Amino acid sequence: MARSSGREHVHEPPPVEALRAPGRRVTRQRRLIWEALTADPERHLSAEEIAGRTLLDTSTVYRTLASLVRRGLVRRTDLGTGRACYEPAHEHPHHHVVCTRCGAVVHLHEDDLGDLRARVERASGYLLSGSEISFAGICPACRRAEGA
């Protein structure tokens, strides 16, 4: 489960009506996948986990997720697990810190990073895209357990 850093931000996913786009129906598959993603909007699920929760075919889940990502309703992210994870898109960008021991995830918000983006652009010469940044480390609980 993800936690927010420092300042609390509530991550409210868009309502199911957001699935309704011009010329698109809210199919049973889309609704099931959306419900799996929004049941715990702080959680990051793989396509396989979504398929398991919805009892849908994995290829159906991947196709639907790709469509939801293209429409900006779902974010695809890499948390260092070797497979993509998905979460409902939020109204404000956020980044992730992932525990390499237990897999706990903490959300960091843009203002938590200060001018990091600008410093990376200056140092690299790259113009960074709007994608998120993921950091890896050992969470406080695992560090405490290590010292016990």
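Do you know which residues across the range 67-86 are part of a helix (DSSP H, G or I) and over 27 Å from residue 100 (Cα atoms)?
Answer for the range 67-86, where residues must be part of a helix (DSSP H, G or I) and over 27 Å from residue 100 (Cα atoms): 67, 68, 70.
Being surrounded by fewer than 15 Cβ atoms within 10 Å (Cβ to Cβ), of a type in the set (D, E, K, R) and closer than 25 Å to residue 28 by Cβ is the requirement here; does residue 71 meet it?
So residue 71 fits the description; yes.
Of all residues in the range 106-148 being assigned to a helix (DSSP H, G or I) and among the small types (Gly, Ala, Ser), which is nearest to residue 75 (Cα to Cα)?
Among residues in the range 106-148 that are assigned to a helix (DSSP H, G or I) and among the small types (Gly, Ala, Ser), the one nearest to residue 75 (Cα to Cα) is 118.
Which residues, taken from the range 104-139, are without any contact (Cβ under 8 Å) to a residue 12 or more places away in the chain and either surrounded by 16 or more Cβ atoms within 10 Å (Cβ to Cβ) or among the basic types (Lys, Arg) (or both)?
If the condition is that a residue be without any contact (Cβ under 8 Å) to a residue 12 or more places away in the chain and either surrounded by 16 or more Cβ atoms within 10 Å (Cβ to Cβ) or among the basic types (Lys, Arg) (or both), then 117, 119, 122 are the ones that fit.
If you check 143, 76, 101, which single one turns out to be closer than 20 Å to residue 29 by Cβ, surrounded by 11 or more Cβ atoms within 10 Å (Cβ to Cβ) and charged (D, E, K, R)? Explain how you work it out, then say what you get.
Numbers: 143 fails: closer than 20 Å to residue 29 by Cβ; 101 fails: closer than 20 Å to residue 29 by Cβ.
The unique qualifying residue is 76.
Residue 90: in a strand (DSSP E or B), under 30 Å from residue 58 (Cα atoms) and not aromatic (Phe, Trp, Tyr), yes or no? Walk me through how you get there before you give the answer.
Working: in a strand (DSSP E or B): no; under 30 Å from residue 58 (Cα atoms): yes; not aromatic (Phe, Trp, Tyr): yes.
When the stated conditions are applied, residue 90 does not pass them.
Can you list residue pairs whose Cβ atoms sit under 6 Å apart, with the first residue in the range 43-62 being more than 24 Å from residue 94 (Cβ to Cβ) and the second being surrounded by fewer than 17 Cβ atoms within 10 Å (Cβ to Cβ)? Count only pairs 6 or more apart in sequence or on different chains.
51/58; 56/29; 60/29
With respect to residue 55, is the statement that it is in contact with a Phe, Trp or Tyr (Cβ under 9 Å, 6 or more places away or on another chain) and of a type in the set (A, V, I, L, M) true?
No, not satisfied.
None of the figures in this text is laboratory data; all of them are computed from the coordinates on show. Note that the structure is a prediction, hence the values are computed from the model and not measured. Because the Cβ atoms are built from the backbone with ideal geometry, glycine has one as well, and the counts that use them run over all protein chains shown.
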